[in-house]
Amino acid sequence: MAASHSRTVLSAPLLARRLPSGLTARQLVGATKLSFYQARKGILYIREVSAMAHLTPLIWTPRDGYRFSSQPDGWIAYERSRMRTEPTRISRLLSATVAPHAAARPEEAWVNLVLGRLNVVQAALSLLDKAGRA
């Protein structure tokens, strides 16, 4: 199902490529006549499958929305922005959910596994962020 939604979603950014800016999520939903959920699933499929197959990354910026970019500067800017936001999201998951769970039930194997894995991911993303600023 995501593949069929991606074909519909894919046509909108291809048209938008000819515009000075991309499409916002609202414009994408309007252009494709899909629900927000369906459009989101299509975008995820494009990011996970089509972008790699065609070697043209799909990026998102607050100013331009979703768009295909052929410029490495755009790719790097998008990647750097994600490297700044993901550690924050993981930190919030750790502090708001996983840490209280671990404190309440320190003997649970699951919470210890999650805590260990998320700490490793958080450290790796922080290193990437620091490398991107150098």
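The values are calculated or read from the model by the stated rules, or taken from the named source; none is laboratory data. These numbers come from a predicted model, not from an experiment. Here the Cβ is made from the backbone with ideal geometry for all residues, glycine too, and neighbour counts use every protein chain on show. Just the protein is used for accessible areas: all its heavy atoms, side chains included, with ligands, DNA and RNA removed. Shrake-Rupley method; radii C 1.70, N 1.55, O 1.52, S 1.80 Å.
If the condition is being free of Cβ contacts under 8 Å to residues at least 24 places away in the same chain, within 22 Å of LEU127 (Cβ to Cβ) and surrounded by 11 or more Cβ atoms within 10 Å (Cβ to Cβ), then the range 93-115 contributes VAL98, ALA99, VAL114, LEU115. For the range 34-63: of the residues being crowded, with 17+ Cβ neighbours inside 10 Å and touching a residue at least 40 places away in the same chain (Cβ under 8 Å), which is nearest to THR24 (Cα to Cα)? My answer is LEU58.
Could you run through the range 81-134 and say how many residues are under 30 Å from TRP60 (Cβ atoms) and not basic (Lys, Arg)? Give the steps one after another, and end with the answer.
At the first step, the residues of the range 81-134 found to be under 30 Å from TRP60 (Cβ atoms) are 81-98, 114, 117-134.
Add one more test, that the residue is not basic (Lys, Arg), and what stays is 81, 83, 85-88, 90-91, 93-98, 114, 118-129, 131-132, 134.
So the count comes out to 30.
SER70 falls short of the stated requirement of being under 23 Å from LEU125 (Cα atoms) and either open to solvent by 40 Å² or more (accessible area, probe 1.4 Å) or of a type in the set (A, V, I, L, M) (or both). Within the range 75-84, the set of residues being modelled with pLDDT of 85 or more and either small (Gly, Ala, Ser) or open to solvent by less than 60 Å² (accessible area, probe 1.4 Å) (or both) comprises ALA77, TYR78, SER81. Can you find a residue in the range 71-86 that is touching a residue at least 24 places away in the same chain (Cβ under 8 Å), of a type in the set (Lys, Arg) and closer than 25 Å to ASN119 by Cα? Yes; the residues of the range 71-86 include at least one that is touching a residue at least 24 places away in the same chain (Cβ under 8 Å), of a type in the set (Lys, Arg) and closer than 25 Å to ASN119 by Cα.
Got a number for residues in the range 122-134 being assigned to a helix (DSSP H, G or I) and surrounded by fewer than 15 Cβ atoms within 10 Å (Cβ to Cβ)?
To start, the set of residues in the range 122-134 that are assigned to a helix (DSSP H, G or I) comprises 122-133.
Filter once more, so that each one left must be surrounded by fewer than 15 Cβ atoms within 10 Å (Cβ to Cβ): 123-124, 127, 130-133.
The number of residues fulfilling the criteria is 7.
Filter the range 64-76 down to residues that are more than 18 Å from GLY30 (Cα to Cα) and out of contact with any strand residue (DSSP E or B) (no Cβ under 7 Å at 6 or more places or on another chain), then give me how many there are. Lay out the reasoning, then the answer.
Going residue by residue through the range 64-76, those that are more than 18 Å from GLY30 (Cα to Cα) are 68-76.
So of that shortlist, the ones also out of contact with any strand residue (DSSP E or B) (no Cβ under 7 Å at 6 or more places or on another chain) come out as 70-73, 76.
Residues flagged as more than 18 Å from GLY30 (Cα to Cα) and out of contact with any strand residue (DSSP E or B) (no Cβ under 7 Å at 6 or more places or on another chain) within the range 64-76 amount to 5.
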